Amino acid sequence: MKFRILFPVLLIACLSLPAQTSTPPPALTEYQGRVIAQTMHWQGAGWLIRHKRDREESTLLMREELKLKPGMTVCDMGSGNGYHTLPMAEAVGKEGKVYAVEIQPEMIEMLKSRAAVKNITNIESIIGDPYDPMLPAGSCDLILLVDVYHEFAYPEQMLTGMRKALKPDGVIVMVEYRAEDDSVPIKPEHKMSKNQINKELTRNGFKLVREFDGLPWQHMMFFGRVN
Ligand SMILES: C[S@@+](CC[C@H](N)C(=O)[O-])C[C@H]1O[C@@H](n2cnc3c(N)ncnc32)[C@H](O)[C@@H]1O
């Protein structure tokens, strides 16, 4: 008799407890011998859309190398104010989609305004967590990271999340300023060497599938899932 009364009471009490949330580990300042860079603040976003960017970084050539096709679902990870997102959305067309993932909502607001001016409607913006890209599982043909990965305070968690978000043949594309080249006018912690990129990606379930060495300042490395 006592049990009959107590059981529903206990059940209701348990159901009304807050769901257990997993607290992320502390943010890293170093990973695999590399100093992690500070996040570029949204107030500096004007630099990302400077007129001479294509001349300096051959951004058109970089995007051609992505070989985007109409109907693809792709992601611009750490999209900033959408310098690459907008042309990517045009390349995949109305049947395709671009996820723009950002941890700074101000960047997403700027991106949305820029997309609205051009009447681009196939961008889905996502405010990510520093440790979770918040992308749907198995959704992406390609995830582009331009000058972003070196800022991740949770590289392993982000790589795990992006790996889950890729389709089986999907790739992530790392575009990082060359650490091996002193003539690239960028602070050291915002650069990465090929060896370092390879080391970090291969220990997190990725394999190098292609490289493009024709950019003036950056490495461009394509990684697929190991399985
Ligand atoms: C140097 S900006 C590059 C922006 C853009 N990819 C471009 O090339 O114009 C780096 C961006 O990555 C974003 N970022 C850093 N960590 C992130 C994370 N864990 N998830 C999503 N975005 C992140 C920052 O907020 C910043 O806007």
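With respect to the conditions (1) surrounded by fewer than 16 Cβ atoms within 10 Å (Cβ to Cβ); (2) touching a Phe, Trp or Tyr at 6+ places or on another chain (Cβ under 9 Å), Met158 falls short on a single one, namely (1). Asp129: surrounded by fewer than 20 Cβ atoms within 10 Å (Cβ to Cβ), within 14 Å of the chain's Cα centre (by Cα) and within 27 Å of Gln38 (Cβ to Cβ), yes or no? So Asp129 fits the description; yes. Return yes or no: is Val74 within 19 Å of Leu48 (Cβ to Cβ), near the ligand (Cβ under 10 Å from one of its atoms), touching a residue at least 60 places away in the same chain (Cβ under 8 Å) and not acidic (Asp, Glu)? No; evaluated as a whole, the condition is false for this residue. A residue that is farther than 16 Å from Phe222 by Cα and assigned to a strand (DSSP E or B) can be found somewhere in the range 189-198. Among the listed residues Glu180, Glu151, which satisfies the condition of being farther than 13 Å from Asp76 by Cα and touching a residue at least 40 places away in the same chain (Cβ under 8 Å)? After applying the criteria, what remains is Glu151. A single member of Gly214, Gly170 is closer than 22 Å to Thr85 by Cα, modelled with pLDDT of 95 or more and surrounded by fewer than 17 Cβ atoms within 10 Å (Cβ to Cβ), and it is Gly214. When the range 93-107 is limited to residues that are more than 6 Å from the ligand (Cβ to nearest atom) and surrounded by 22 or more Cβ atoms within 10 Å (Cβ to Cβ), the one that is nearest to Gly46 (Cα to Cα) turns out to be Ala100. When residues in the range 18-70 are screened for being of a type outside the set (A, V, I, L, M, F, W, C) and within 27 Å of Val92 (Cα to Cα), 17 of them pass. Within the range 44-57, is even one residue more than 13 Å from the ligand (Cβ to nearest atom) and touching a Lys or Arg at 6+ places or on another chain (Cβ under 9 Å)? Scanning the range 44-57 turns up no residue that is more than 13 Å from the ligand (Cβ to nearest atom) and touching a Lys or Arg at 6+ places or on another chain (Cβ under 9 Å).
Mind listing just one residue for me: the one in the range 154-176 that is outside any helix (DSSP H, G or I) and within 10 Å of the ligand (Cβ to nearest atom) and, of those, farthest from Gly78 (Cα to Cα)?
The qualifying residue farthest from Gly78 (Cα to Cα) is Tyr154.
As a summary of the residue check, Thr85 satisfies the conditions (1) in contact (Cβ under 8 Å) with a residue 24 or more places away in the chain; (2) away from the ligand (no atom under 11 Å from the Cβ) except for the one numbered (2).
Within the range 108-143, being within 8 Å of the ligand (Cβ to nearest atom) and either closer than 25 Å to Trp47 by Cα or touching a strand residue (DSSP E or B) at 6+ places or on another chain (Cβ under 7 Å) (or both) holds for Gly128, Asp129, Pro130, Pro133.
Can you name every residue in the range 109-122 that is touching a residue at least 12 places away in the same chain (Cβ under 8 Å), of a type outside the set (D, E, K, R) and surrounded by fewer than 22 Cβ atoms within 10 Å (Cβ to Cβ)? Across the range 109-122, the qualifying residues are Met110, Ala115, Ile120, Thr121, Asn122.
Is it true that Glu56 is in a helix (DSSP H, G or I) and on the phi < 0 side of the Ramachandran plot? Yes; evaluated as a whole, the condition is true for this residue.
The values are calculated or read from the model by the stated rules, or taken from the named source; none is laboratory data. In this text, all values refer to a predicted model and were calculated from it rather than measured experimentally. We place every Cβ from the backbone using ideal geometry, glycine too, and count neighbours over all the protein chains shown.
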